[in-house]
Structure formats: C-alpha cells, structure tokens
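A.B. asks: Have a look at the structure that comes next, please.
The values are calculated or read from the model by the stated rules, or taken from the named source; none is laboratory data. Note that the structure is a prediction, hence the values are computed from the model and not measured. All Cβ positions, even for glycine, are placed from backbone atoms using ideal geometry, and neighbour counts span all protein chains on display.
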Amino acid sequence: MITFVLSLAALVLGYFLYGRFVERVFGPDDRPTPAIAKADGVDFMVLPSWKIFMIQFLNIAGTGPIFGAIMGAKFGPAAYLWIVFGCIFAGATHDYLSGMLSIRNGGANLPEIIGKYLGNATKQIMLIFSVFLLMMVGAVFVYSPALLLQKLCLSSVPGIEILSNSTFWIIVIFVYYVIATMMPIDKIIGKIYPLFAFSLLFMAVALMAMLFVKMPDIPEVWEGVGEASLTTKSIFPCLFITIACGAISGFHATQSPLMARCVKSEKMGRPIFYGAMITEGLVALIWATVAMYFFYNEPTPGYQEMAGGEEIISKAPAIVSMVCDNWLGLFGSILAILGVVAAPITSGDTALRSARLIIADFIHLEQKTVRKRLYVCIPMFATVIALLIWQMANPEGFDVIWSWFGWSNQTLSVFTLWAITVYLYQQKKNYWISLVPAVFMTVVSVVYLLTEQIF
C-alpha cells in the first residue's frame, strides 16, 4: 500500500507542479475563445467551468481506466509507475496542449490540427483513422456497459427477463447515443453528466476508502517490477498499450475540441484538460490497486478463475460486478456499477459526436439544422451497428475490437504529440515536454504492431 499512497500523492503534486510548468510553456492569454467568437447554440457555446470539467472527465474516461487498469494489474507494480509517470508527463500534457491548440485554432478538430502542423497528407490519413477509432469506441462502449447493466439487473431485480437481456440494454444505450449525438451539447450532455460524474466519483472514493480499511498486502515497486507480474506478456510494449486511459490515450485529443468550443477563457485550460486527465489517472490507480488485491490475495471465491488467462477483457464487466458486490454491498454496488456504466456511455456518445463534427468539417456541411446532421449520422450509425452485430456474433469479437482500439488509440496519440512538438518548435517554446513522450509512444506503437498479433 505504500506504493499506492505515494502514487496518489505524486499525481496530485504533478497537477500543481508539472501542470503549472506546462501551462507556462504554452502561455494562455486573454484572446476571445471559439465559444465567444463562433457561438452557434449547438456546438459552440459558453458553459460553466465546473460543468466543462465534469463533461471532459466523463468524455475521456470510458471503461479504459477501469478495464484497462484491471488488465494492467496483472503486470504487477509496474502498472503504478506507468500510470503515474505516463499520466503526468505524457497523458495530461497531451490532453492539455491538444485542447489548447484547438482553442487557438478556432475549435478545430484533431485531423485539422494534425494537418496544420504535419501536412495535408497526414491530415487525410488521420481523418480516416480518427473517424474509424471513434466508431470503434462507440461500438466497444455500447457493449461493455450493456453487460454491466445485465449483471446488475440479474442480482438486484431478478425475475424481469427483459432487463436481464444484454441485447435490450445494447438497444437502449444505442438509442441514447443517437439522441445525444444529434442534440445541442447543452440539452442532454450538459444536463445529465454531473449526475453521471457523481456516480463515477462515488465509485472511486468508495473503493479507495475500502483499500485503506482493508490495507491489503500488495507487491511494492521495490520488491521487483517485473518479478511480480502474473502475465506471460512482456511489460514492454504490452503494458503501455493495455493501460491507455489513465496514462496516455490518443482518443482524448478527439474529445478536447468538444470542450474547447465551450471554454470562456484560455486560463481555464489547465484545470479542465490537465486536471481531467489527472483525475482519470487517480481512477485508474484505484482500480489497478483493487485488482492487484484480488489477483494476489484471492479474497473472493471464483475471482482467480474469472481473471485467469491472458485475454481477460471480455471478463472485465463480471470482475467489476464481483468486486463491487464483495466490498460495497447491494446499495453501494448499484451506485458504483452505475458509475462504471456512466463512464463508457458518456465516452461513447461524445465519440460519435466528435466523429460527426470531424466528418462535417471535412465535407464543409453546417450542423445547425437537424436534417444536415442526419446526413452525417445515418451512415455513421450504420457502421457502428455493423461493428456491434459482428462483435456479438463472434465469441472473441469484443477482445478483437478492444485490441484494435488499444493499438490505434496509442498510435493516434503519437501523431498528436508530434503535431504539438512541431507547434512548440515553431513558436520557439520548450518542445521537449512533448518530444520525449512522442518518441517513446512512437517506439511503443511500432514495437507492439511488429510483435503482437492484433489483426
């Protein structure tokens, strides 16, 4: 537990110390933001800073800092090092600077930013890459919360057959995605996200409290980073792909422009973009520690069997349900699982919203009218439905799509970091803050592609 406590403190200090340093490097000023200069009442509008933070946090969280942390826990205490150093020096820096670049470029989406600094050819590749990644996020983040809701209903409201059917929940969640993707950002996302954020934060705080109550015996970093691993996979590069959300995730840079279009002042950037990533790192740290407790101590019958094998991502919803039931009781478990459910749902809807805006910007189609939003959304939703059908029809479909998502997610972060580096170099600013993580993540993505079977 000493490593866990030190890691918590390091993340908090990282926000106040390194986060302030990164902010000074960028240099926010008082120029009008896109929320003011381009207000349209749909995607560009000023929102309160606390609400933007909650939306940004939920947008980027998904199941990544939960499921990814559970899988990453099998690497032992090495997961702590990656979450802490990755989050502070790579992920939060990536999120803050990509968000600020979007603000400086009129709320531009990620392919536009990459194209401006890495060239038009790269922009075209990234446009296709980003949209495909976002649609994969939509498919993955329909399936995983549906399984969690199914398991929650089986334990809390037995006897109602339709609620215990995952297909029913997939349909319900997807219908919500359609509505949230189409509606102005303040109508649904701006109103219900604070409630979702409460559930997610309750889950994190409750599990952290239980960790301090139980004070479990967990391997510490100084006992051997590699020796405590419970997986045959190598730490490099697999750990750095497995734990993405919570350390660094390219998907986040597709979400930052959504909030860049709602920020009143550039000086709000650090608490919103850097702060949301640090908060996600805290969630990942808590879940990694909880998972290590269950991996190494086997306090619940059946947990080791459920978590066994190399590919446990499809079992992650059941693991989450078991952990919450065992530690928090029925009421606490319901709130905690709703928090875990809220994370992927709120990432899935904004992923599809981002995809809509990227496509619309590319084909120069205004999005003020519902009819023109439908022009973009119908083929996009059809693609996500096709991915869902394939995922449900294949026993390993979820694992395969998650593997694609993991690699493409980190590859996207590579292009974003290089674009940021070019910007900082052109502005004669300290470009080392993005160059070092750019080089590291480039090596990780290339080595993973060459050594792991993902296609």
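A.B. asks: Consider only pairs whose beta carbons are under 6 Å apart and that are at least six residues apart or on different chains; among these, list those whose first residue lies in the stretch 276-302 and is at pLDDT 90 or above and whose second residue is of a type in the set (D, E, K, R).
C.D. replies: Close Cβ pairs satisfying both conditions: Met277/Asp95.
A.B. asks: Which of the residues spanning the stretch 327-369 are under 19 Å from Arg261 (Cβ atoms), of a type in the set (A, V, I, L, M, F, W, C) and either outside any helix (DSSP H, G or I) or in contact with a helix residue (DSSP H, G or I) (Cβ under 7 Å, 6 or more places away or on another chain) (or both)?
C.D. replies: Ala351, Leu352, Ala355, Ile358, Ile359, Ala360, Phe362, Leu365, listed by residue number.
A.B. asks: So in the stretch 334-390, with the set limited to residues that are of a type outside the set (A, V, I, L, M) and free of Cβ contacts under 8 Å to residues at least 24 places away in the same chain, which one is surrounded by the most Cβ atoms within 10 Å (Cβ to Cβ)?
C.D. replies: Going through the qualifying residues, I end up with Tyr375.
A.B. asks: Give the residue, chosen from Ile243, Ile312, that is among the β-branched types (Val, Ile, Thr) and modelled with pLDDT of 90 or more.
C.D. replies: The match here is Ile243.
A.B. asks: Anything in the stretch 343-363 that is acidic (Asp, Glu) and over 14 Å from the mean Cα position of the chain (by Cα)? List them, or say none.
C.D. replies: Asp361
A.B. asks: Let me ask something else. Kindly provide the set of residues from the stretch 337-396 that are in contact with a Gly (Cβ under 7 Å, 6 or more places away or on another chain) and either β-branched (Val, Ile, Thr) or within 14 Å of Val137 (Cβ to Cβ) (or both), ordered by number.
C.D. replies: Ala343, Pro344, Ser347, Gly348, Ala351, Leu352, Val384, Gln391
A.B. asks: From Met210, Met215, which residue is on the phi > 0 side of the Ramachandran plot, of a type outside the set (Lys, Arg) and at pLDDT 85 or above?
C.D. replies: Of the residues listed, the single one that is on the phi > 0 side of the Ramachandran plot, of a type outside the set (Lys, Arg) and at pLDDT 85 or above is Met215.
A.B. asks: Additional query: Please enumerate the residues belonging to the stretch 37-54 that are surrounded by 15 or more Cβ atoms within 10 Å (Cβ to Cβ), under 22 Å from Ala197 (Cα atoms) and either in contact with a Cys (Cβ under 8 Å, 6 or more places away or on another chain) or without any contact (Cβ under 8 Å) to a residue 12 or more places away in the chain (or both).
C.D. replies: Result: Met45, Val46, Leu47, Ile52.
A.B. asks: Restrict the check to the stretch 337-357 and report whether at least one residue is at pLDDT 85 or above and among the polar types (S, T, N, Q).
C.D. replies: yes
A.B. asks: Go through the stretch 44-70 and give me each residue that's in a helix (DSSP H, G or I) and over 15 Å from the mean Cα position of the chain (by Cα).
C.D. replies: Matches in the stretch 44-70: Ser49, Trp50, Lys51, Ile52.
A.B. asks: Does the stretch 18-38 contain any residue that is modelled with pLDDT under 95, closer than 20 Å to Pro184 by Cβ, under 22 Å from the mean Cα position of the chain (by Cα) and assigned to a loop (DSSP other than H, G, I, E, B)?
C.D. replies: no
A.B. asks: Another one. Looking only at the stretch 414-453, count every residue that is of a type outside the set (D, E, K, R), surrounded by 14 or more Cβ atoms within 10 Å (Cβ to Cβ) and in a loop (DSSP other than H, G, I, E, B) and tell me the total.
C.D. replies: Number satisfying all stated conditions: 2.
A.B. asks: Specify the residue that is surrounded by the fewest Cβ atoms within 10 Å (Cβ to Cβ); the eligible residues are those in the stretch 176-191 that are at pLDDT 75 or above and in a helix (DSSP H, G or I).
C.D. replies: Ile179
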